[in-house]
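Please read the structure below before turning to the comments.
The values are calculated or read from the model by the stated rules, or taken from the named source; none is laboratory data. Model, not experiment: these values are computed from the prediction. Cβ sites come from the backbone with ideal geometry, for glycine too, and all protein chains shown count toward neighbours. Calculation scope for accessible area: heavy atoms of the full protein, side chains included, ligands and nucleic acids excluded. Shrake-Rupley method; radii C 1.70, N 1.55, O 1.52, S 1.80 Å.
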Amino acid sequence: MRFQPIATALAVGASAHLAQAAGLHDAAVAKGLLYFGSATDNPELSNTAYTTQLKNTADFGQITPGNSQKWDATEPSQNQFSFTKGDVVADLAAANGQKLRCHNLVWHQQLPNWVTSGSWTNETLTTVLKNHITNVVQHYKGKCYAWDVVNEALADDGSYRDSIWYKTIGEAYIPIAFEAAAAADPAAKLYYNDYSIEWAGAKSKAAQKIVQLIKSAGAKIDGVGLQGHFIVDQTPPRKDLASNLQSFVDLDVDVAYTELDVRMKTPATPANLQKQSTSFANVVGACLDTKRCVGITIWDWTDKYSWVPNTFSGYGAACPWDETFQKKPAYQGMMAVLGAASASASVSVAFTSASASASVAFTSASATPTSAISTPTPSSSAADFLPQPSAAAHIKAYFQCGGLNYKGSTSCASGLVCKKWNPYYHQCIQA
Ligand code: XIL
């Protein structure tokens, strides 16, 4: 059983005994995780509706810069460091009291030309690698909860990726990078981060070998980041995700889902949005099932700024909020698995923004209790814990009365009206 802190995550105005979490982060913390967070990126920070939600610490207790700490941003010319953009995100995290996951130090992508087209020897490239890590990690010293030190060192079959690092230095570049990062900020948690290591298989095994390699070289590694870029219909069941997490934890490291999103063919269909909700819930559930899973980061919270459509042609809709910042079923699915969607009829949530326009409806919807849901056990399927309509035809205050795929009564008890917060969620509130 994971340690359960006293639930402090009460929705504003909710009766104290109900421990109704107001958002994903609060609910995650109440369940013993360290954080629930989101990636962000500099260009979208000019959108104030976007930043308002990014700063909503009930949902996000952690942020990750999606691009601005990468090599091309931080050392565009050799030994000329630029931290302006990365600092914007680091400062935002500090101002909001959010943890910062720093991302990343060594990767085969987003490298400037001077690195990829230089003619290096093992010795000269090792010097370049150490110099980069030392400068960047020192600059952010004390600000990063964690650093993704090495990103995606593995090919899909579990062999080493044929990157400039591997070709020039060999696998030793990995422990060298961890050693340099530890020297520059001993307090930061140091992670190996990769994708397609979320289920048991050759690549997950190879990532476990990387943990052992780093440790056997005498360097420090604190955690493994499982990116979690999933596809609807291809997300493993909760118990398989959890047992794979445990195989890393057995090597005495923390684990985290660091870049979670669940893409689907576009346009999105109601059925796929429900499947997506199940996928998100299973990933969050697997983290809850694993004692040293510290947190979950989504790779941005809105479809508007998701990397998916630009990268996977024909796919999109991968985030828990849609392009107009409305919550999708994935949000409710995660809240349910976090145990935050259950409420008794006596809950009284202060809807201070009942007159909110569609663009800000998420602020009030985030405090929304849904109908009675029991906390799922690891073996239950997500369908078991999606909001179920109450049996009575006359729905009580704050319970669901409509929305995509909702099959229950739409008739609210006397004095209440069924309010459409977003396409997925209609709720009985005071007339
Ligand atoms: C992505 C960013 O989100 C995009 O904006 C950028 O164009 C490419 O990189 N794995 C990672 C992340 O570790 O750094 C990637 O981020 C997504 C895949």
Looking at the range 207-301, what % of the alpha carbon pairs are farther apart than 20 Å? 40 percent
In terms of modelled amide H atoms, which long-range or inter-chain residues lie less than 5 Å from the amide H of Glu75? Ser82
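Can you work out the accessible area per residue across the range 24-338, with the rest of the protein chains kept in place, probe 1.4 Å, in square angstrom?
Spelled out: the 1.4 Å probe surface of the range 24-338, per residue, equals 35 Å².
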Highest mean first, how do 321-328, 172-179 rank when packing is the count of other Cβ atoms within 10 Å averaged over residues? 172-179, 321-328
Accessible surface ranking that places the most exposed of Tyr50, Tyr145, Tyr305 first, with a 1.4 angstrom probe: Tyr305, Tyr145, Tyr50
Given pairs Lys31/Lys291; Lys141/Lys203; Lys55/Lys85; Lys55/Lys265; Lys31/Lys220; Lys203/Lys265 and cut-off 20 Å on Cα-Cα distance, the over-length ones are Lys141/Lys203; Lys55/Lys265; Lys31/Lys220; Lys203/Lys265
Quick check: the distance between the Cα centres of the range 209-231 and the range 83-128, to the nearest angstrom? 18 Å
Where does the range 24-338 land on the Kirkwood hydrodynamic radius, alpha-carbon pairs, in angstrom? 19.5 Å
When all protein chains stay in place, what accessible area (Å², nearest 10, 1.4 Å probe) is found for Arg292? 80 Å²
Heavy atoms only, probe 1.4 Å: what % of the accessible area of the range 88-157 goes to carbon and sulfur, would you let me know? 47 percent
Amide H contacts under 5 Å for Gly402, restricted to residues at least 5 apart in sequence or on another chain and with H modeled in the peptide plane, are His426
Quick one: which residues, 5+ away or cross-chain, put their amide H under 5 Å from the amide H of Lys31? H built at 1.01 Å from N. none
From the protein chains alone at 1.4 Å, what is the descending order of accessible area for Leu190, Leu111, largest first? Leu111, Leu190
What does a probe at Ser117 reach in the range 49-90, counting residues whose amide N is under 15 Å from the point 7 Å along Cα→Cβ? 77-78
Hey, can you rank 283-290, 204-211, 329-336, 154-161 by average C-beta count inside 10 Å, highest first? 329-336, 283-290, 204-211, 154-161
